[in-house]
Amino acid sequence: MLAHHPIYLFRHGETVWNAEKRAQGHLDSPLTAAGREQARHMGRALARELAQAGYKSSEVIVRSSPLGRVRETLALAAEAAGLAHDDACFDHRLREMSWGDWDGLNGVQIEEGWPGALAARRLDHWNYQPPSGENYVMAIERARPALDDIVMLATRRPVAVFAHGAIGRVMRGLFLKVPETEVLAMDQPQDAFFRLHRGEAARIAALVEG
């Protein structure tokens, strides 16, 4: 089914653990000052995008990961864009891919605890499953039905989806119907979002306003 209205797909702003290069997965850290500004700018950019497309902010349906860093991003972006949302918007299927036992660790700590594991993951990025974590095959199993539901919503109204880097590019890959190599090569910006519409994904920068 084709969505008549656009889907706007966001990643959360920069977090403390992003800055420290730690895996987050299902664990959390707060947004940095830069991350909070990114969220506000993305909200303003969404407001401009909606106005140009002839939509009112009140028309937009919101769906979001329930994890704290996305909740914080959503609150700031929604205030800037004038989006309405409540607890019904949270969908656990939009959580980030879990690193399992590696959640909260940096690369040095992972290598110390699991020697050679990161190299093995690089050799088979799509299928490699961290201990007690998820691989991309597993992520697709929950991302696909979540995207199907979002596309159904977009047959009626535009939808803003607030999620994460890896699960976000999985959803873009599913929407675009591209092979896994293209999904893995997709960027995961925190200062831009994507408009998914009519089989295409357009990158929309959230420019800093001087």
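Here are some conditions: (1) open to solvent by 30 Å² or more (accessible area, probe 1.4 Å); (2) on the phi < 0 side of the Ramachandran plot. GLY116 meets all but one. Which one does it not meet?
Among (1) open to solvent by 30 Å² or more (accessible area, probe 1.4 Å); (2) on the phi < 0 side of the Ramachandran plot, the lone unmet condition for GLY116 is (2).
When only residues in the stretch 173-204 that are open to solvent by less than 50 Å² (accessible area, probe 1.4 Å) and of a type in the set (Gly, Ala, Ser) count, which is nearest to ASN18 (Cα to Cα)?
ALA192
Say we look at the stretch 18-39 and pick out the residues that are part of a helix (DSSP H, G or I) and more than 16 Å from the chain's Cα centre (by Cα); which of these is surrounded by the most Cβ atoms within 10 Å (Cβ to Cβ)?
Per the stated criteria, the residue is GLU37.
Which is open to solvent by 50 Å² or more (accessible area, probe 1.4 Å) and among the hydrophobic types (A, V, I, L, M, F, W, C), of VAL137, VAL170, VAL161, VAL151?
Within the list VAL137, VAL170, VAL161, VAL151, the selection yields VAL137.
Mind counting the residues in the stretch 93-102 that are within 12 Å of ALA23 (Cβ to Cβ) and either open to solvent by less than 70 Å² (accessible area, probe 1.4 Å) or not in a helix (DSSP H, G or I) (or both)?
Of the residues in the stretch 93-102, 6 are within 12 Å of ALA23 (Cβ to Cβ) and either open to solvent by less than 70 Å² (accessible area, probe 1.4 Å) or not in a helix (DSSP H, G or I) (or both).
Given the criterion at positive phi and either basic (Lys, Arg) or touching a residue at least 12 places away in the same chain (Cβ under 8 Å) (or both), identify the matching residue among GLY100, GLY173. Steps first, please.
Numbers: GLY173 fails: at positive phi.
Unique residue meeting the criteria: GLY100.
GLY68 fails exactly one of the following numbered conditions: (1) under 19 Å from TYR8 (Cα atoms); (2) under 15 Å from the mean Cα position of the chain (by Cα). What is the number of that condition?
GLY68 satisfies every listed condition except (1).
Of all residues in the stretch 44-63, which are touching a residue at least 60 places away in the same chain (Cβ under 8 Å) and either assigned to a helix (DSSP H, G or I) or open to solvent by 60 Å² or more (accessible area, probe 1.4 Å) (or both)?
ARG44, ALA45, LEU46, GLU49, LEU50, ALA53, GLU59, ARG63
Do we have any residue at all in the stretch 64-77 that's hydroxyl-bearing (Ser, Thr, Tyr), surrounded by 19 or more Cβ atoms within 10 Å (Cβ to Cβ) and in a helix (DSSP H, G or I)?
Within the stretch 64-77, one or more residues are hydroxyl-bearing (Ser, Thr, Tyr), surrounded by 19 or more Cβ atoms within 10 Å (Cβ to Cβ) and in a helix (DSSP H, G or I).
The values are calculated or read from the model by the stated rules, or taken from the named source; none is laboratory data. All of these numbers come straight from a predicted model, not from anything done at the bench. Ideal geometry is used to build each Cβ from the backbone, glycine not excepted, and the neighbour counts take in all protein chains shown. Note: areas computed on protein heavy atoms with side chains; ligands, DNA, RNA excluded. Shrake-Rupley method; radii C 1.70, N 1.55, O 1.52, S 1.80 Å.
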